[in-house]
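Structure first, then comments.
Quick note: the coordinates plus some simple rules give every number you see, no bench work behind them. Here the structure is a predicted model, which is why all the values come from computation and not from measurement. Glycine also receives a Cβ, built like all others from the backbone with ideal geometry; neighbour counts cover every protein chain displayed.
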Amino acid sequence: MSQALKTVLLSLVATTVACGGGGGGGGGSNVVTSNLTPSFVADQADAGGSVVSMTEDSVAGDVITIGILVTGSEEIYGAAFDLAYDPTVAVFQSWAPGTLLEQSGNPPNYTVDAPRAGTVVVGASRTGNVPGVTAGGRTLVRLTFKVLQPGNARLSFRSASLTDNRIPPEEIPGISWFGGSLVVV
């Protein structure tokens, strides 16, 4: 056994003894677990009409996924919005595509970015010379957040629009946008 390996092993043994390693000593663990439980309360649960709203998609421990649901709109080709939230209560982790723009096997383009704490910027569009889609209560995109501490955090849309498949695209009028609150206990 080399001298360097002996030194490393002796250091490891000394550290284990000093920390109470082995049976029952120390009583602590370096594993950090979260007892935080997130949930989501929508501003408008069943709005009717042409609406984009947020829904609780799933919860796993201290991670929550919010679905962006589109209902009552036709000829949708794309969407763009900023989602604002309180970065002291949660942090944006990831995103996943929905089922709205994927209709008819058309692969859409997504751009999802968090340029600064408290903002997620989303852009999504069908591609090519294809018709727009009918919403019918489908999810545009799913956004996943990790909660950091107890509290309530507003999630709200800013600079939001749905567009049609005209060239150039035009904003679809008459859309209501509803956010909600992230509740962490």
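Whole-Hz Karplus ³J(HN,Hα) for the stretch 178-185, in order, using 6.51 cos²θ - 1.76 cosθ + 1.60 and θ = phi - 60°, x for Gly and Pro?
Karplus-based 3J(HN,Hα) across the stretch 178-185 equals 10, x, x, 10, 8, 10, 10, 10 Hz.
Neighbour counts of other C-beta atoms within 10 Å: give me Asp57, Asp113 arranged from fewest to most.
Listed from fewest to most nearby Cβ atoms, that is Asp113, Asp57.
Could you give each residue of the stretch 136-147 its phi-based ³J(HN,Hα) in whole Hz, using Karplus coefficients 6.51, -1.76, 1.60 with θ = phi - 60°, and x for Gly or Pro?
x, x, 10, 8, 6, 7, 10, 10, 10, 10, 9, 7
What shape does the stretch 36-184 have by the C-alpha gyration tensor, where a ≥ b ≥ c are the square roots of the eigenvalues, rounded means a/c under 1.5, and otherwise prolate means a/b greater than b/c and oblate the rest?
Verdict is prolate for the stretch 36-184.
Between Gly136 and residues 5 or more places away or on another chain, which pairs have amide H atoms under 5 Å apart, with H built 1.01 Å from N, and which residues are they?
Those lying under 5 Å, H to H, from Gly136 are Gly72, Ser73.
Which ³J(HN,Hα) values in Hz, rounded to whole numbers, follow from the phi angles of the stretch 117-123 under the Karplus curve 6.51 cos²θ - 1.76 cosθ + 1.60, where θ = phi - 60° and Gly and Pro get x?
4, x, 9, 10, 9, 10, x
Out of residues 5 or more away from Ile172 or on other chains, whose amide H comes under 5 Å of its own, with H placed 1.01 Å from N in the peptide plane?
Leu162, Thr163, Asp164
Considering amide H positions built from the backbone, and no H for Pro or chain starts, which residues 5 or more places from Gly179, or on another chain, come under 5 Å of its amide H?
Residues meeting the amide H criterion: Asp43, Phe157.
Local charge sum around Arg154 (other residues, Cβ-Cβ under 14 Å, Lys/Arg +1, Asp/Glu -1)?
-2
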